[in-house]
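All remarks here apply to the structure that follows.
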Amino acid sequence: MIFYFSGSGNSEYVANTISEALGDKCIFIPDVLTSSDTYELSDGERLGFVFPIYAWGIPDFVADFISRLSIKGASYIYYVCTCGDDTGKTKEQVCNIAKSKGWNISLGYAVKMPNTYVCLPGFDVDDKNLEKRKLTNARVKLEEIILHLKNYDKNCFETLPGNFAWLKSAVIRPMFNKCLMTATPFHTTESCIHCGKCAKECPMQNIKLSEETSTPIWGDKCVGCLRCYHLCPTNSIQYGTFTKGKGQYCYKKQ
């Protein structure tokens, strides 16, 4: 069983690739975010979590979901995260959550995928050549991960912490989550065609359309996945002034 979250499609691609190779069921976390169900795994069934890296760590709402998750029969547990560059102290974060539940993480991997974060100066999507290289390398890396999972290999970690991992995850990340994890700066430009795609595609159902103008209105449940920004057909969704002139990216099946 695989629980996953994805905004741009990168982590969805990873989850689906692993699911198809192993024959394991995929569950989209927002679909069961408020569920109190207890999941029971069959003998030998793996429990996996796939998610994107946000500010050098596991997204807070994914961490909260895992902490509350009720599972029976979890004996082999793993995670795979997607990142544009590095992951900071994500391994330690996930392993600490697991430890609090009496679990042991057998495998943890990071897979580099095309960049999606564009909401601060200096951050933009990758150029097409780098995007292509990352996707090619990701396919190879997934073959390696799947082989490990098929063999139930343990103590398998390749997590790409990068430089200054502690500083990024322990100092910058909390400030980012406190000050920048907000939908308030989102707005649309005059190029908005009022198609409603942003509201339809928001995984957290955080966007509603104005009854008068059909213009998107963001609520207070934003998790910063940027799906609305990257899927806007006219690139009219902007985040303050930070995203002006920047690119868009969503995973497309190769």
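Name the most mobile residue of 126, 31, 43, meaning the one with the largest mean-square fluctuation, in a Gaussian network model of the chain with Cα contacts below 10 Å.
Residue with maximal mean-square fluctuation among 126, 31, 43: 43.
Where does the chain land at 222 nm, in deg cm²/dmol rounded to the nearest 500, when only DSSP H runs of n ≥ 4 count, each adding -39500 (n - 2.57), divided by all residues?
Details: 7 runs with 73 residues, N = 254.
Computed ellipticity for the chain at 222 nm equals -8500 deg cm²/dmol.
Using alpha-carbon pairs under 8 Å, 6+ residues apart, how would you state the relative contact order of segment 182-239 in percent?
Numbers: 93 pairs, mean separation 26.9, N = 58.
Relative contact order comes out at 46 percent.
Looking at segment 106-254, send over the antiparallel percent of its DSSP beta bridges, to the nearest 5. Mind showing how you got there, number by number?
Values: 6 of 9 bridges.
Roughly 65 percent of the DSSP beta bridges within segment 106-254 come out antiparallel.
Below 15 Å, Cα to Cα, which aspartates and glutamates can residue 178 reach? Residues fewer than 8 away in the same chain don't count.
Straight-distance partners of residue 178: 60, 220.
Rounded if a/c is under 1.5, else prolate if a/b beats b/c, else oblate: with a ≥ b ≥ c from the C-alpha gyration tensor eigenvalues square-rooted, which is segment 121-164?
Values: a/c = 4.67, a/b = 1.67, b/c = 2.79.
Cα axes put segment 121-164 in the oblate bin.
Residue by residue through segment 193-209, which ³J(HN,Hα) values in whole Hz follow from phi under the Karplus form 6.51 cos²θ - 1.76 cosθ + 1.60 (θ = phi - 60°), with glycine and proline marked x?
9, 6, 7, x, 4, 4, 5, 5, 8, 4, x, 9, 6, 9, 10, 10, 9
Could you name the aspartates and glutamates whose alpha carbon sits less than 18 Å from that of residue 150, not counting residues in the same chain fewer than 8 places away?
20, 24, 43, 45, 158
So, R0 is 30 Å and r is the distance between the beta-carbons of residue 101 and residue 200; what FRET efficiency does that work out to, to 0.05?
Working: r = 35 Å, r/R0 = 1.16.
Calculated transfer efficiency: 0.30.
Using 0.36 nm times the number of residues separating residue 136 and residue 193, minus their current alpha carbon distance, what extension gain do you get?
Details: separation 57, 0.36 × 57 = 20.52 nm, distance 3.47 nm.
Full-extension gain reported as 17.1 nm.
Report D for segment 115-254 in µm² per second (integer): Stokes-Einstein, Kirkwood Rh on Cα pairs, 37 °C, 0.692 mPa s. Each step should come with its number before you reach the end.
Working: Rh = 17.6 Å.
Estimated diffusion coefficient is 186 µm²/s.
Are there any GluC sites (Glu not before Pro) in segment 135-222 that are in a DSSP loop and have at most 12 other Cβ atoms within 10 Å? List them by number. Intermediate values should be presented prior to the final figure.
Details: sites: 143, 144, 158, 190, 201, 211, 212; in loops: 190, 211, 212.
In loop regions of segment 135-222 (DSSP not H, G, I, E or B), the sparsely surrounded GluC sites (Glu not before Pro) are 190, 211, 212.
With springs only between Cα atoms under 10 Å apart, run a GNM on the chain and tell me which of 227, 68, 46 wobbles the most.
68
Computed from these coordinates, which is Kirkwood radius over Cα pairs in Å: [x] 19.0; [y] 19.8; [z] 18.2?
This structure yields the entry labelled [x].
Could you grab the relative contact order for the chain? Cα pairs under 8 Å, six or more apart, rounded to a whole percent. Present the calculation step by step, with values, prior to reporting the outcome.
On the way: 446 pairs, mean separation 50.5, N = 254.
Once normalised by length, the contact order is 20 percent.
Given springs between every Cα pair under 10 Å in a Gaussian network model of the chain, which of 25, 168, 72 has the largest fluctuation?
With Cα springs under 10 Å in the chain, the top fluctuation among 25, 168, 72 is at 72.
Please go through the residue pairs 134/208; 112/208; 112/244; 89/132; 101/200 and name each one whose alpha carbons sit more than 29 Å apart in this structure. Can you show the working numbers first?
Numbers: 134/208 34 Å; 112/208 33 Å; 112/244 25 Å; 89/132 27 Å; 101/200 35 Å.
Flagged as over cut-off: 134/208; 112/208; 101/200.
Antiparallel as a % of all DSSP beta bridges within the chain, to the nearest 5? Can you show the working numbers first?
Values: 6 of 32 bridges.
Of those bridges, close to 20 percent are antiparallel.
If R₀ is 51 angstrom, what is the calculated FRET efficiency for the pair residue 38 and residue 85, using the beta carbon separation as r and rounding to 0.05? Display every interim value, and only then the final one.
Working: r = 37 Å, r/R0 = 0.73.
Working from the Cβ atoms, E equals 0.85.
A short reminder: the numbers here are calculations on the coordinates, not readings from a lab. Computed from a prediction, not measured in an experiment: that's the story for all the values here. Every residue, glycine among them, receives a Cβ derived from its backbone with ideal geometry; neighbour counts consider all protein chains shown.
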